[in-house]
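Just below is one structure, and these are the notes that go with it.
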Amino acid sequence: MTDFVFNSAVRSNVGLVRKNNQDSGYAGRNFLLIADGMGGHAGGDVASAIAVARLASLDHGDHTGESLDSLRSTILDANDRIARAVEDEPQLGGMGTTVTALLRCNDRLALAHIGDSRAYLLRDDSFSQMTTDHTFVQMLVDEGRITPEEAEYHPQRSVVMRVLGDVGASPELDMSVREARIGDRWMLCSDGLTGFADLDVIEEALRSIDDPGECADRLVNMALEGGGADNITVVIGDVIDATDLTDEDLDAPGQFGGSVEINPQFAQLGTVDNDTPPVEDLETEALPQVDEDTAEVASNSHDDETPADGASDAGAGTATNSEKASDGADEETAEAVSTTAVGAAASSAAAVAGDGKRGGRGKARATKSRKRKDLGADTDDFDEFSDEEPRRRWIPWAIAGAVIVLLIVAGFAGKAFIQSQYYVTEENGKVAVYQGVSQNLGPFKLSNLNETTDIEVEYLPAYTQSRLKETIPASSHDEAQKIVENLRSAADKTRQQSVSGGATDGSSTDPAPSAPGEPGNNPENNPAQGTQQQPGQPDQPNQPQQPAQQAEQGENP
């Protein structure tokens, strides 16, 4: 096909609940990328920024048929950078990120994916998801244990099985090559979009809004109107004919969005420090020489101490290594390395001579060995059992005690976790907040009523009412209150529209978190729309207007 490039844009928003943006995105002429970080307040934003900063270097037009391998190796290098950042900053332990990337290579596209961010393709009359979520609930769906509809409300729907980062496993990437056609529109997004906006209205926006930036703004606002309880990032790339652009347009730099734009300093974490001096230039200090008495103790305890044999062999091995080291360093350094190796080996066998605990134990065993030879086998056996039997008797009790302590700690931890959780649901026609989780443990209910509001469920959109029946989870009391306020605004808006003869429930905006594929309402028909949020700017709350103003303007400021 004719040479092509992307006409692309990226938009990212922290959402209405989160305190920081852990998403990062990139939109260029040759490369589209999204990363959704995880790992708590300090971690997810770092991991996604490291990944996007490293991968953005792929945005150039010189890729060949081997670009799939290049994309894979660059993603793995980003994973190594995240791991090195954790080594340098241990408080970032456990951080990770999803990655979904689309790279132009010749007349095709290379697609790489790990995690639960998504890539969608709008082509002619079809709108298709091109990636598979690496989540726990998707695994249950694939195994036939739950339906896709049940997965949308599953309490573990946000558990991701495969990501980049400090997760103790090698990344398993989904790699594929895709056909490129002029007129295709690709959308990469975090679950902050698909979790809070219906796929039907997402598709309608992609079809009706030509400009990628304006379309991305609209999609972000739709997620905010749907609850906005997560970070929201959208990358849109239209496949266009490159011959229609000038050289200046083709060389235009790409756009960054989210954490990588807000925190550019994160991009330097995990990079290799080239200023570290070579090993031979580092100062070394020899350990104290081992005297003959210590060596004799090690020799006398040879029959009783199995580790002494290994330590002696280790001493010989390390001495050989020190001879090799002397070839690449000066004589003094080689001597220090040799002394250190021999000292370490000897200390493993007998420790420091004289006052050390291991040295004293070695002398005692050597003396005991001589006495055994004089007293005979019976005394030898008596010494052995007199040492070991009491020790063996208390081991089971210690294990049992440790298990009991662990069970008690786990019980308190589980209770604390349950008490920290909340969910919003319906109670006698009103919106209610419960503390705990919406599950039972046998005859025990794991939640209790925290608050019954004055919000009448009948004034909420039908879609939101169905969400309330399934319960809307919240990780804290503050988050639950924000959900309640969103529901209150939606109910008040419906009442105002009913009084003024406005829209019915069927066209009202759903303020509660929703899942992809759920039948929803079309915000395009709703005269009350949220403000467009530009990346990196603070959230601006929607300002209510009078019904007459809404009807005249068609959207909120």
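Considering only region 48-56, I want to know if a residue exists there that is outside any helix (DSSP H, G or I) and either under 24 Å from Ala180 (Cβ atoms) or in the same structural domain as Glu179 (by the TED database) (or both). So far as region 48-56 goes, no, none of its residues is outside any helix (DSSP H, G or I) and either under 24 Å from Ala180 (Cβ atoms) or in the same structural domain as Glu179 (by the TED database) (or both). When Val437, Val405, Val409 are checked against the criterion of being at pLDDT 50 or above and within 30 Å of Ser466 (Cα to Cα), Val437 stands alone in meeting it.
Counting only strands (runs of 3 or more DSSP E) that fall entirely inside region 121-205 and contain at least 1 residues that are in contact with a His (Cβ under 9 Å, 6 or more places away or on another chain), the qualifying elements are 174-179.
Residues that are of a type outside the set (Asp, Glu) and not in a strand (DSSP E or B) within region 93-120 comprise Gly93, Gly94, Met95, Thr98, Asn106, Gly115, Ser117, listed in sequence order. If you go through region 145-173 and keep only what is of a type in the set (Ser, Thr, Tyr), within 22 Å of Asp230 (Cβ to Cβ) and modelled with pLDDT of 90 or more, you end up with nothing.
One line per residue, one yes/no per condition, for (1) crowded, with 17+ Cβ neighbours inside 10 Å; (2) acidic (Asp, Glu):
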position	(1), (2)
Asp198	yes, yes
Glu203	no, yes
Arg207	no, no
Ala216	yes, no
Val234	yes, no
Asp241	no, yes
Leu245	no, no
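Taking the listed residues Gly96, Gly61, the one that is crowded, with 24+ Cβ neighbours inside 10 Å and assigned by the TED database to the domain that holds Glu248 is Gly96, with no other qualifying.
The values are calculated or read from the model by the stated rules, or taken from the named source; none is laboratory data. Bear in mind that the values here come from a model prediction, so they are computed numbers and not experimental data. No Cβ is skipped: glycine too gets one built from the backbone with ideal geometry, and neighbour counts run over all protein chains shown.
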